[in-house]
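Quick notes on the structure that follows.
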Amino acid sequence: MKESASYRVFQVFNACVMALVVVMTLYPFLYLVAQSFSSEAAVYAGKVTFFPVEFTDKTYRIVLGKPDFFRYYGNTVLYAVVGTIISVAATAIMSYPLSKERLRLNKAVIPFVLFTMYFGGGLIPNYILVAKTLHMKDTIWAIIIPGAISAFNVILMKTFFASLPEEVEEAATVDGLGVYGIFARITLPLSKPIMATMVLFSMVAIWNNWFGPALFLQTKEKWPVALYLRQIIDSSLGTDPGANAEVSAQIAATIKSCAMVLTALPIICIYPFVQKYFVQGMMIGAVKG
């Protein structure tokens, strides 16, 4: 079938718009990478755009050369892995019964879930709850447990579960599976898209979290890398009274870019492997089929 002139014009226009969107999306990150490899003088002079100017890796050598850097990175990996497993498991366990309209308390519980999306206890009550009541201060659980279940994620996963065919569960029931068997052997294997979406959401939230650790972790050896890099930024800007003079002099202009690249790089590397499931999970989970 021969394409019409108007369709070819649309294709060209669509390609141009998509190219523009790609450039607008990639430019901030490419600018950060270029800035992190550029000299301090070039950054101050505003010469950096897409490519490094007066290439240097001094900033990375100083940051990565610190003896404790990889320990903090290991802490972040531990928090992200454990926290993601707990978060996804808790969200799935909570969402599955809420997706069954036949359950009596279903409609009574959902408003309480939605309520937490708009109203919270506040910083001080949360601190008292975690540190004083639950005695989780300066532990890994203070970072993982408070944010393990997100109301938004619960609603998204609930909608996905509700879109699964009831006939499949009915057939499993006839074959002798109970509620837990259906959930573990039927529902979860069919929910790879939404599970991948939840994994990405949870991992990114924990990986980038620095405020919670700053609030609850007193032992510096337990810090995640995001909090550690924030301290380096404070040092380079002179806001830390214990700032290292060499760091302040050498990387004051590039430390922010270096810190953001090092923090974002692992998530960027993981995303291509879950992107297919992520898009499908968001589409199906957002609109009930």
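Every number here is computed from the coordinates shown, using simple stated rules; none is lab data. This is a predicted model, so every value here is computed, not measured. Using ideal geometry, Cβ is built from the backbone for each residue, glycine included, and neighbour counts are taken over all protein chains shown.
If Rh is defined by the Kirkwood formula over all Cα pairs and Rg also comes from Cα, what ratio Rg/Rh do you get for the stretch 12-152?
1.15
Counting each DSSP H run of 4 or more residues in the chain as -39500 (n - 2.57), what helix-only mean residue ellipticity at 222 nm follows after dividing by all residues, to the nearest 500 deg cm²/dmol?
Per the formula, -21500 deg cm²/dmol.
Could the peptides 14-21, 84-91 be put in order, highest first, of the mean number of other beta-carbon atoms found within 10 Å of their residues?
With the highest mean Cβ count within 10 Å placed first, the list reads 84-91, 14-21.
Counting pairs of alpha carbon atoms under 8 Å apart in space and at least six apart in sequence, what relative contact order in percent does the chain give?
Normalised by residue count, the contact order of the chain is 27 percent.
Here is the link list: Lys220/Lys256; Lys132/Lys220; Lys158/Lys220; Lys192/Lys222; Lys132/Lys192. Which ones come out longer than 28 Å on Cα distance?
Lys158/Lys220; Lys192/Lys222; Lys132/Lys192
Treating the beta-carbon of each Lys and Arg as +1 and of each Asp and Glu as -1, no other charges, what is the dipole magnitude of the chain about its Cα centre, to the nearest 20 debye?
Using only the charged Cβ atoms, the result is roughly 280 debye.
Within the chain, which DSSP H helices have Cα atoms that stretch 15 Å or more along the helix axis and a mean Kyte-Doolittle hydropathy of at least 0.0?
Counting only whole DSSP H runs, the qualifying helices are 5-36, 69-98, 106-118, 151-163, 192-207, 225-236, 255-286.
Report the local net charge at Asp175: Lys and Arg +1, Asp and Glu -1, summed over other residues whose C-beta lies under 14 Å from its C-beta.
That works out to -2.
Compute the distribution of all C-alpha to C-alpha distances in the chain, in bins of 10 Å from 0, and list the percent of pairs in each, rounded to whole numbers.
6, 20, 25, 23, 16, 8, 2, 0
Compute the normalised compactness of the stretch 1-56: alpha-carbon radius of gyration over 2.2 N^0.38 Å, N being the residue count.
This ratio for the stretch 1-56 stands at 1.80.
Quick check on packing: order 136-145, 265-274 by the mean number of other C-beta atoms within 10 Å, highest mean leading.
Answer by packing, highest mean first, reads 136-145, 265-274.
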